[in-house]
Amino acid sequence: MIYIFIIFGAAFGLIAVPLGFFIGLQVSPILANILLFPFITASWLLDVPLGEMSGLLRICLTVLSSVVWAGLFGFVGSLLKKKPS
């Protein structure tokens with residue numbers, strides 16, 4: 001059951017990157033910050049603005065985003081899992 005959450009989290013992590021950039025420019029910067037928090041954290045840690053990131057770094061951060069979202073979805077899935085008493 002938890003594996004389904006992890007798979008959906010990984011897929012969401014891949015979709016969240018372009019969606020976050022689009023939403024940040026068009027709709028809501030706050031929602032974009034939530035969707036792009038792996039990018040923003042890496043940008044802050046590496047002291048590189050989002051617009052000046054190399055292509056390889058963006059690809060690596062997209063994979064990292066997928067891993068982070070899969071972990072978060074897996075954690076929520078494990079909390080929702082009913083434990084036998």
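The values are calculated or read from the model by the stated rules, or taken from the named source; none is laboratory data. In this text, all values refer to a predicted model and were calculated from it rather than measured experimentally. Positions of Cβ are generated from backbone atoms using ideal geometry, with glycine treated the same way; all protein chains shown enter the neighbour counts. Accessible surface areas use protein heavy atoms only, side chains included; no ligands, DNA or RNA. Shrake-Rupley method; radii C 1.70, N 1.55, O 1.52, S 1.80 Å.
Classify the stretch 28-67: rounded, prolate or oblate, from the alpha-carbon gyration tensor (a ≥ b ≥ c, eigenvalue square roots; a/c under 1.5 rounded; otherwise prolate if a/b is larger than b/c)?
Judged from the Cα gyration tensor, the stretch 28-67 comes out oblate (a/c at least 1.5, b/c at or above a/b).
Among [x] 14.6, 53; [y] 19.7, 69; [z] 11.3, 33, which one is Rg and Dmax of the Cα atoms in Å computed from these coordinates?
For Rg and Dmax of the Cα atoms in Å, the calculated option is [x].
Quick check for you: with a 1.4 Å probe and neighbouring chains kept, what is the accessible area per residue of the chain, in Å²?
71 Å²
Quickly estimate the mean residue ellipticity at 222 nm for the chain, helices only: each DSSP H run with n ≥ 4 gives -39500 (n - 2.57), and the total goes over all residues, rounded to 500.
-27000 deg cm²/dmol
Kindly express, to the nearest 10 degrees and within the range 0 to 90, the angle between helix 55-80's C-alpha long axis and the longest C-alpha principal axis of the chain.
Between helix and principal axis, roughly 20 degrees.
What is the sum of charges, Lys and Arg at +1 and Asp and Glu at -1, for the other residues whose Cβ falls under 11 Å from the Cβ of Ser43?
In short, -1.
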